[in-house]
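Just so you know, all these numbers are worked out from the coordinates, no wet-lab data involved. No experiment lies behind these values; they were computed from the predicted model shown. Glycine also receives a Cβ, built like all others from the backbone with ideal geometry; neighbour counts cover every protein chain displayed.
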Amino acid sequence: MPINPTRMELLRTKKRATLAKKGHKLLKDKRDGLMQEFLKIVRDAKDLRARVDELLSASLKHFVLAQASMQPQAVALLQSLRPYEISLSVSQKAMMGVTIPTFAVSLQEKDEQPGVWETSRELDIALASFQTLLPLLLQLATVEKTAELLAQEIETTRRRVNALEYVLLPQLKTNIKFIRMKLDEQERAAIMTTMAVKRKIA
Amino acid sequence: MNQTSSPIAYIGPVGAGLGFSLSGIHVEETADPSLALKYLRQWKQEGVYSIIFIDEGLADPNLESIRTLNEDALPSIMLLPNPSNPKHTAARNLQQLMIRAIGSDIFAS
């Protein structure tokens, strides 16, 4: 794009460069903050994931045992009865401009419950272990989602920082240099013209 | 704060969803990964579920599509390990996320 080498353009470009420098610093700070937060979240996610994997595996084994110890009809009846009702609250919080969902679950027993004779002891153990696991699963869902969203935001912010650092700021610097050189050249030409005129008059 | 009436769903292999269904979670059992992906797409479009658990064996062939579906704040699609055939896909996902964000997996040892 051709640049108009005028004082007005020089002032405008200088203003843009100052603004770009400020934006660059702010975005760099944001990126660093996001990275710190991201590392904390990933560490939590790793620990939580290991715990959940272990508990889930144990819980599913309990359910396999429970299914094996019960009649298939009883299992089907239980599934159709659904003895628990789940309700989930989803709230959103903002973390450095990123909207993150947080989940909270509540499990309520329904009025219609299967009789004691219809369920096995293994099923009670399995259900108890699953109910311990459920809040952890939701916590993990929150943490992993946060990590995902923060990673996206870090990527975007990093691109913006790089665009400012390696494209816009050097371009503005070059433009300022070019305008200054042109203005200096014009000034020198004006002096030369004045001197030539003076010489002719004298 | 939003309250959703049928908020959580699980997609897993046949016979693995008993714990989820007894706890009031909507369960779809299938052995077909493409059908699992179809459910995910449909639920995402309808906006019915806030959290969708999916067995990693079913998720493994469709990871790229699941990553795209999981880009928005909701729903949160979470991979669950299959105890009979653990693939550690979720752990690998977390690793890739780190590489995407930071450039390397600094927790790898």
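Overview of results
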read-out: Qualifying residues in segment A:20-43 (those that are away from chain B (no Cβ under 11 Å) and among the acidic types (D, E)) - the one nearest to A:T142 (Cα to Cα); value: A:D32
read-out: Test: residue in segment A:132-144 that is under 27 Å from B:L80 (Cα atoms), surrounded by fewer than 16 Cβ atoms within 10 Å (Cβ to Cβ) and in contact (Cβ under 8 Å) with a residue 60 or more places away in the chain; value: yes
read-out: Yes/no for B:E46 being more than 11 Å from every other protein chain (Cβ to nearest Cβ) and over 14 Å from the mean Cα position of the chain (by Cα); value: yes
read-out: Selection count where residues are touching a residue at least 12 places away in the same chain (Cβ under 8 Å) and either among the aromatic types (F, W, Y) or part of a loop (DSSP other than H, G, I, E, B) (or both), scope segment B:89-109; value: 1
